[in-house]
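Novice: Okay, here's the structure, questions in a sec.
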């Protein structure tokens, strides 16, 4: 009789670098080896449950959902000392029924929120509260019972030395009986494992054999049943090496380090063994093998997948009934339609479109979702906050426009509703809403307050090890030279999603078959280490490596989220976050909303505040028209620095060549300037952007393969730019409905050859029949569609972003001082609440270059940027007359202390240097912040050298004075206490403030050089006509100079002067061996005049 067995101790790659096998592969392998079920028991999380459940159902086997918990020996709220104080043991638990699964989610959530210290932990008390419906096993050698049976290692608290702890059979029995009482007599098992393999005499095998004997003894004494397992961490023995590498990566170790991990030298045994192999491992323990079948028989948890669970809208603190939801839906639609479409030329068309969309949304059950999104957008608008006009496919939904979720008419731009929501391809709506960076937490707080803290959470994410990362990690562990590792990693093209390049692609056997020589050559190398490198990279590519937080996703549950998913905290916060990722939540039918942080909206919001404050004008950004010639003139001039999306060196020349005069033109620029259209080069060396521009300028003939395609492609000069155009061609030539056309677009986008071939055959047949065209022509049209569909862009998204491009350009055109002040404020991180705020230490150069280019742009616009000044500057950059006053945060190493300096000034304007130091010390400014303020020239109370020479003694004197003041204040309080005996003390004479001793003043060049060292660039173009000017045509060369000099830190040796575009730049050169190299490089960029 063929043996039967079910694995109940299994790790997928959701155990994060402790396993290299996916949930899908586990299910497929179990089915292929004749097993009726399989468990998933990842370390400390349940992230893999939903994909594993779906994979098991597809493979025709039963999924058993569990987790290998970490159990603290004392309270899990106490810190853990890995080797002594409060060690943590392993315990496998599996859900027997729905109640058990609910308790499993509770345990994992509690561990993450209350017991997280190194790892998420529970304890026996917590287990007892949530044990019903769970089956437990004693786990591996790291299990609590097993450690007591076998002995373990711990750190002596006195000597700090690692010492062996003797086995404690009685202690093991006590713990086993305690666990049995927690889970129930029939729900607790003693686990036995035997990973012998080829290493029959080493320590692991010895300890496991010794443990098996002790476990059997415990079984005989207590009657607790046995269960046989294999601790699975990969698919096949050949994966052992890759998994070992993954372990080193997870612990940040090199291979020369000794890992105290049982699995490293024996990991060849931790694979998916067949029932025959398991029987061979335990020939005399049939009951332990059969118990796996009994566990599988008892564990029956069914996850309800694919059924949408939309939260119920809440109004005035009350959940709406179905009738109230429908009434509110109808009322809001009619109100919005009246406001936006009644009495317009497109009223009839809009009414027909609204009725169609309404039927689809109602049929699919998404009315509550639309009402919820409409509600929080309405809340934000009511607060006066800016909300984006719409990004993503939602811009094609007229109802979203009617409800003010988006702000653009889809009819005006030929946007298609089915690109957003397709009734024939059931999928959830995806509405992305942009807010200023600093407002996202406020909107999230509103949702949490409205729907309940237990129903609202950020969405977790799982980060994988992709090609670039796996090359770096594996190369480092295999001792490849660092420069070779970087060369190979950098040879992998950047890109995610559809542009992701795999190791298989790089060696010429993937879907893209790029055959990158630097990497492909390793596969034929005579060096076995090279071949090993490629093999390990392929095996590890794509495995999960860490957890994170979705950039913008928020989940709102129809019931407490813990009933469906485990929860944790977003790293470094007490903000709830789902244990699982977005894809899992979608599979569970939970709808998300996307609260996107868009710095550009924050910039616009700040500019609008200053416009209202300075000019008394309150501008309604949502009612701005898009036909201002002056705005388009500025865009076409190439002065796009600071504008949304079109400020990069890549974009500026394209913008100037295209010369946009309307939103459609801006939309094309956004759609074409992406990796796909730019990289798709024909035999003439022209990409899609080149063809579009040549045709727009009349330098290339525009032709259409079929007359029906002309109306669709004429606006883009015969170039397929948008996904919507593909849908329209399918409708025109094949008679597809919008829903069918969207399904075609989606199929092509999946890039599966079989699916594309199938859709192509269908397209050709229908085009021949519907449009009466020849097969060769139909084939040619399909080939064109297939080619361009790879890079076609979502027009609804590009139109939405085009609106934001225009708005930033409009502000820069008509209110340049206010707008560039806001741009600079965000560049220096002057908005303290901003999620996008950059740290002052962010590589230094990137932030400096950002600031430098915007200051350069201000100079070109004739807007002076005044030096930071503690008597005038705020933390942010602010408009001042016709110029901009640089904020204190522009100075390196000042950071949030800029706010303290401003607060100190609010005590009273600084009268002199002593007063400045005193008031700032009161507010908590430290010596480390005084120095950069002085070096930057922001303290106008004397020469910089003099102030720097005196700041330490004055600040020390000030702190002593403040200490005395505070001491005196405490004495007053004590003397006012009637229970305290009063003592007479003779007042001491206060020491006078130290005098300021003059130092040799800095020269003008030195001051300017110190400014650039403190700020990173110059604020004012003080051109010295006697200097030799060097012609440099673009700002990017200036960026190169700035970046170059910032890469040579060191003490002052000499100063250099560069004149670029009439801007005199004085540099403080380093006193390092690199100074000559720096000087040489500077001379290559522009003339350097030694002082």
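Novice: Rounded, prolate or oblate: pick one for the range 858-908, where a ≥ b ≥ c are the square roots of the eigenvalues of its C-alpha gyration tensor, a/c under 1.5 means rounded, and failing that, prolate if a/b is larger than b/c, else oblate.
Specialist: Note, shape of the range 858-908 comes out oblate.
Novice: By count of other Cβ within 10 Å, fewest leading, how are 216, 855 ordered?
Specialist: 216, 855
Novice: Subtracting the Cα-Cα distance from 0.36 nm times the residue separation, let me have the gained length for residue 2 to residue 347 in nm, one decimal.
Specialist: Between residue 2 and residue 347, full extension yields 116.9 nm more.
Novice: Per 0.36 nm of contour for each residue apart, how much would the distance between residue 922 and residue 77 grow if the chain were fully extended, relative to their Cα-Cα spacing?
Specialist: Answer, rounded to one decimal: 300.4 nm.
Novice: I'd like the distance separating the alpha-carbon centroids of the range 276-353 and the range 428-484, in whole Å.
Specialist: 23 Å
Novice: Follow-up. Report, in whole Å, the centroid distance computed from the Cα atoms of the range 220-255 and the range 769-808.
Specialist: Answer, in whole Å: 50.
Novice: Need the full-extension length gain, residue 209 to residue 953, defined as separation in residues times 0.36 nm minus the C-alpha distance. One decimal, nm.
Specialist: 260.7 nm
Novice: What FRET efficiency do you get for residue 36 and residue 128 if R0 is 30 Å and r is their Cβ-Cβ distance, rounded to the nearest 0.05?
Specialist: Efficiency computed from Cβ-Cβ geometry: 0.40.
Novice: Now for a different question. At q = 0.14, 0.18 Å⁻¹, work out log10 I(q)/I(0) for the range 374-506 with the Debye formula, treating every Cα as an identical point scatterer and leaving solvent out; two decimals please.
Specialist: Taken in order of the listed q values, log10 I(q)/I(0) reads -0.85, -1.00.
Novice: Here is a further query. Taking the Cα-to-Cβ direction at residue 882 and at residue 1004 and moving 7 Å from each Cα, how far apart do the two end points lie in nm?
Specialist: 2.3 nm
Novice: Something else about it: When the Debye formula is applied to the Cα atoms of the range 601-802, each taken as the same point scatterer, what base-10 log of I(q)/I(0) results at q = 0.11, 0.14 Å⁻¹?
Specialist: Once normalised to I(0) and log-transformed, intensities are -0.61, -0.88.
Novice: May I pose another question? By its C-alpha gyration tensor, with a ≥ b ≥ c as the square roots of the eigenvalues, how is the range 281-334 shaped: rounded for a/c under 1.5, else prolate for a/b larger than b/c, else oblate?
Specialist: Because a/c hits 1.5 or more and a/b exceeds b/c, the range 281-334 counts as prolate.
Novice: I would also like to ask the following. Cα gyration tensor of the range 103-152, axes a ≥ b ≥ c as square roots of the eigenvalues: rounded (a/c below 1.5), prolate (a/b > b/c) or oblate?
Specialist: The shape class here is oblate.
Novice: Hey, another quick one. With equal scatterers on the alpha carbons only and no solvent term, can you work out the Debye log10 of I(q)/I(0) for the range 44-101 at 0.19, 0.20 1/Å?
Specialist: Reported log10 I(q)/I(0), two decimals: -0.75, -0.79.
Novice: While we're here: Compute the distance in nm between two label points, each set 7 Å from the Cα along the Cα-to-Cβ direction, one at residue 684 and one at residue 484.
Specialist: 4.5 nm
Novice: Translational diffusion coefficient, Stokes-Einstein: compute it for the range 466-541 using the Kirkwood radius over C-alpha pairs as Rh, at 20 °C and 1.002 mPa s, and state it as an integer in µm² s⁻¹.
Specialist: 177 µm²/s
Novice: Here is a further query. Under a point spin-label approximation (7 Å from Cα along Cα-to-Cβ), what is the residue 967-residue 620 distance to one decimal in nm?
Specialist: 6.5 nm
Novice: Sticking with this structure for a sec: So if R0 is 30 Å, what FRET efficiency would residue 167 and residue 251 give, r being the distance between their Cβ atoms, rounded to the nearest 0.05?
Specialist: The computed FRET efficiency comes out at 0.65.
Novice: Distance between Cα centroids, the range 918-955 to the range 365-403: provide it in whole Å.
Specialist: 50 Å
Novice: Can I ask one more? Can you compute the FRET efficiency between residue 216 and residue 178 using 1/(1 + (r/R0)^6), with r the Cβ-Cβ distance and R0 = 22 Å? Round to the nearest 0.05.
Specialist: 0.65
Every number here is computed from the coordinates shown, using simple stated rules; none is lab data. Predicted model only: the values in this text are computed from it and were never measured. Positions of Cβ are generated from backbone atoms using ideal geometry, with glycine treated the same way; all protein chains shown enter the neighbour counts.
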